[in-house]
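Right, one structure below, let's go through it.
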Amino acid sequence: MNSKEYNQRYYRKHAKRIKANNKAYRRNNPDKMKAIRKRWYKAHKHLIKRNNLRLRYNLSLDQYNALYEQQNGLCAICSASKKILCVDHCHKSGIIRSLLCRSCNRGLGLFNESPAVLKQAIKYIKRFDKV
């Protein structure tokens, strides 16, 4: 029996105890666990981004990069130059519209992507813009 088979057999036999020990270790060493998670995230950041794009928007990293280049790294609304832009999509149809800075993306979300509400917000701002 090789070491891999031995380890698998040992784990199956002692799984409850191993899981309990691991859980206790994580609970008793939060700073170490935070450092481990931080190192892992830093080492795998590109995979996390790739997987999020694929799962959330069915978009490959190459497609995202092409959109980014097409927009010259600028937000489609405010033209701010950002290193990272958010994928803007229609929540009803799922269609990707363009890339936005975080502020514009959140703004649209907070206004429920409603043109009527956005128009009211514009009227409101203009009303006090004369001051």
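None of the figures in this text is laboratory data; all of them are computed from the coordinates on show. Computed from a prediction, not measured in an experiment: that's the story for all the values here. No Cβ is skipped: glycine too gets one built from the backbone with ideal geometry, and neighbour counts run over all protein chains shown.
Data table
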| read-out | value |
| --- | --- |
| Listed values [x] 7.8; [y] 7.3; [z] 14.7, entry calculated as mean projected area of the Cα convex hull in nm² | [z] |
| Degrees, to the nearest 10: 3-28 long Cα axis against longest axis of the chain | 60 degrees |
| Length-normalised contact order for the range 3-100 - Cα pairs under 8 Å, 6+ apart - percent | 14 percent |
| Listed peptides 18-27, 54-63 by packing density, highest first (mean Cβ within 10 Å) | 54-63, 18-27 |
| Sorted peptide list for 76-88, 31-43, criterion being average Cβ within 10 angstrom, highest first | 76-88, 31-43 |
| Check: the range 3-100 dipole with +1 on Lys, Arg Cβ and -1 on Asp, Glu Cβ, in debye | 1100 debye |
| Taking the C-alpha atoms of the range 67-131, convex hull volume expressed per residue in Å³ | 94 Å³ |
